[in-house]
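Below is one structure; the comments refer to it alone.
The values are calculated or read from the model by the stated rules, or taken from the named source; none is laboratory data. Keep in mind that what you see is a predicted model, and the values were worked out from it rather than measured. Here the Cβ is made from the backbone with ideal geometry for all residues, glycine too, and neighbour counts use every protein chain on show. SASA here: full protein model, heavy atoms, side chains in, ligands and nucleic acids out. Shrake-Rupley method; radii C 1.70, N 1.55, O 1.52, S 1.80 Å.
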Amino acid sequence: MSTQLTPILTKFWDEPQSWTLETYERNEGYQALRTALTMDPADLVQMTKDSGLRGRGGAGFPTGMKWGFLPPPDGGPRYLVVNADESEPGTCKDIPLMMAAPQFLIEGVAITSFAIGCNHAFIYLRGEVVHVYRRLLRAVEEAYAAGYLGKDILGSGFDLDVTVHAGAGAYICGEETALLDSLEGRRGQPRLKPPFPAVAGLYARPTVVNNVESIASVPPILLHGAEWFSDMGTEKSQGFGIFSLSGHVKNPGQYEAPLGITLRELIDMAGGMRDPSKKLKFWTPGGSSTPIFTDEHLDVPLDFESVAAAGSMLGTRALQIFDETVSVVRAVSRWIDFYRHESCGKCTPCREGTWWLAQILERIEHGQGTPEDIDKLVDICDNILGRSFCALGDGATSPVTSAVQYFREEFEAGCHTPAAELFPPAASVLFSQNDTAKVTA
């Protein structure tokens with residue numbers, strides 16, 4: 001029997017004015033905040049731990065545990081920073097959530113801030129999505145006017161200010177410490193850890209950094225109970241999540257379902273493949289930075305443990321679906337172009353490695369590769385993985401190594417006689433110079 005969808009965060013997305021405070025209040029909005037303000041903050045942290053909520057930004061770290069890492073209050077400020085820098089190819093859940101129902105996030109920010117003793121929270125948004133920025137600003141304005149933000153919220157004595165900050169648009173700022181540097185006005189580059197943000201984060205003060213969907217999930221958990229949430233999903237990956245289907249399916253979009261649902265079930269819910277005569281060829285379980293899967297993985301439960309056991313990562317549940325008309329080499333080459341462009345340049349393995357990966361993939365894609373190029377791709381990936389300053393360098397290697405693992409014959413098809421044998425020495429030099437100039441232009 002198919003797993004059923006669980007419309008919670010997506011419940012009223014199709015209402016004509018879904019983003020307004022009035023619509024949100026009609027759908028149990030801010031009831032959870034009223035309850036939270038009567039509770040002991042420590043009980044809120046414990047409730048989040050008991051629910052089993054894990055970070056929805058990709059790593060899947062237990063949310064309540066992260067809150068619990070904050071040191072005891074010392075009289076100084078502490079901060080909540082919401083990571084809304086959704087930037088990875090294929091990932092599309094936080095931006096539609098903020099567009100359709102931003103008050104979920106704002107109520108979650110208020111509850112979380114009360115739980116951790118924060119009086120100033122920040123929402124860091126990817127700068128290119130100006131329409132989402134405007135909508136968030138308006139939603140925060142509405143929440144202030146209704147008394148859900150500001151001084152003495154609902155007569156509780158709790159004060160909270162929320163700042164919506166638009167970054168300049170950089171994938172690296174999805175890494176939490178690079179995000180903090182950017183928020184402080186510096187260039188977005190990852191920091192050395194430790195110290196971790198829980199000890200010395202924004203402005204060197206204790207800071208919690210959480211994903212949009214993680215924080216937006218807090219009000220429903222408080223309203224319906226930790227047990228209600230933990231009853232969904234699997235034993236270790238509890239609750240619901242938004243699965244973003246894109247690519248060659250009939251009805252791409254966001255599907256909110258318990259963790260542990262399979263791609264086969266989701267494709268059925270999406271109306272099947274876009275062209276029923278074409279078979280599924282490969283797909284990403286968690287965005288372009290996760291190892292790809294093939295049709296043999298259709299029945300892998302989409303939860304953190306099962307996906308990891310099958311050789312990939314659940315990540316952001318960005319399910320990009322490709323049928324047999326797509327060249328794996330071409331798809332991976334486009335992804336690596338993105339990672340090369342978005343590398344912050346701080347560490348050598350990522351800065352240089354992604355550049356070389358892009359060059360070699362372009363050669364293979366155009367049938368100009370050599371037999372040694374495939375092993376060179378894997379070797380370069382091995383020299384990036386585990387050696388880059390942050391996880392974004394590691395993520396860039398995943399599609400390459402997994403694509404070679406499952407579709408090596410396609411890479412071999414782009415490899416012909418070595419260039420030295422195809423071109424005389426002078427022409428060979430000219431070829432490599434042109435190739436370099438083209439890539440660096």
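Which of the residues that make up segment 382-414 are crowded, with 17+ Cβ neighbours inside 10 Å, part of a loop (DSSP other than H, G, I, E, B) and in contact (Cβ under 8 Å) with a residue 24 or more places away in the chain?
Within segment 382-414, SER388, PHE389, CYS390, GLY414 meet the criteria.
If you go through segment 16-37 one residue at a time, how many are more than 17 Å from HIS224 (Cβ to Cβ) and assigned to a loop (DSSP other than H, G, I, E, B)?
6
State whether one or more residues within segment 161-180 are under 17 Å from THR112 (Cα atoms) and open to solvent by less than 20 Å² (accessible area, probe 1.4 Å).
The first filter runs over segment 161-180 and keeps only residues under 17 Å from THR112 (Cα atoms), leaving 161-164.
After this cut, where a residue has to be open to solvent by less than 20 Å² (accessible area, probe 1.4 Å) as well, the list is 162, 164.
Yes; the residues of segment 161-180 include at least one that is under 17 Å from THR112 (Cα atoms) and open to solvent by less than 20 Å² (accessible area, probe 1.4 Å).
Consider ARG126 carefully, then state whether it is open to solvent by 20 Å² or more (accessible area, probe 1.4 Å) and closer than 27 Å to GLY64 by Cβ. Before you say what the answer is, go through the steps one by one.
Values: open to solvent by 20 Å² or more (accessible area, probe 1.4 Å): yes; closer than 27 Å to GLY64 by Cβ: yes.
The answer is yes for ARG126.
Might you check whether a residue that is outside any loop (DSSP other than H, G, I, E, B), in contact (Cβ under 8 Å) with a residue 40 or more places away in the chain and within 21 Å of the chain's Cα centre (by Cα) occurs anywhere in segment 181-201?
Pass one, segment 181-201, residues outside any loop (DSSP other than H, G, I, E, B): 181-183.
The next check asks that each one be in contact (Cβ under 8 Å) with a residue 40 or more places away in the chain; those that pass are 182-183.
Adding the requirement that they be within 21 Å of the chain's Cα centre (by Cα) leaves 182-183.
Yes, segment 181-201 contains at least one residue that is outside any loop (DSSP other than H, G, I, E, B), in contact (Cβ under 8 Å) with a residue 40 or more places away in the chain and within 21 Å of the chain's Cα centre (by Cα).
Which of (1) open to solvent by 40 Å² or more (accessible area, probe 1.4 Å); (2) at pLDDT below 95; (3) in a helix (DSSP H, G or I) is the odd one out, the single condition ASP74 does not satisfy?
So the condition that ASP74 fails would be (3).
Residues are listed down the side, and each one gets a yes or a no for (1) under 28 Å from CYS173 (Cβ atoms); (2) polar (S, T, N, Q); (3) not assigned by the TED database to the domain that holds ALA318:
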{"position": "THR207", "(1), (2), (3)": "yes, yes, yes"}
{"position": "GLU213", "(1), (2), (3)": "yes, no, yes"}
{"position": "HIS224", "(1), (2), (3)": "no, no, yes"}
{"position": "SER244", "(1), (2), (3)": "yes, yes, no"}
{"position": "GLN254", "(1), (2), (3)": "yes, yes, no"}
{"position": "GLY260", "(1), (2), (3)": "no, no, no"}
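Just to check your reading of the model, which residue among THR35, THR3 is open to solvent by 20 Å² or more (accessible area, probe 1.4 Å) and at pLDDT 95 or above?
On the way: THR3 fails: at pLDDT 95 or above.
Just a single option satisfies the conditions, and that option is THR35.
Being at pLDDT 90 or above, open to solvent by 30 Å² or more (accessible area, probe 1.4 Å) and in a loop (DSSP other than H, G, I, E, B) is the filter here; which residues of segment 44-60 pass it?
Hits for segment 44-60: nothing passes.
Is it the case that PHE423 is modelled with pLDDT under 90, of a type in the set (A, V, I, L, M, F, W, C) and in contact with a Phe, Trp or Tyr (Cβ under 8 Å, 6 or more places away or on another chain)? Give the steps one after another, and end with the answer.
On the way: modelled with pLDDT under 90: yes; of a type in the set (A, V, I, L, M, F, W, C): yes; in contact with a Phe, Trp or Tyr (Cβ under 8 Å, 6 or more places away or on another chain): yes.
So PHE423 passes the test.
Hey, can you tell me all the residues within segment 123-153 that are in a loop (DSSP other than H, G, I, E, B) and within 24 Å of the chain's Cα centre (by Cα)?
Within segment 123-153, the subset in a loop (DSSP other than H, G, I, E, B) is 126-129, 146-149, 151-152.
Residues satisfying the conditions are ARG126, GLY127, GLU128, VAL129.
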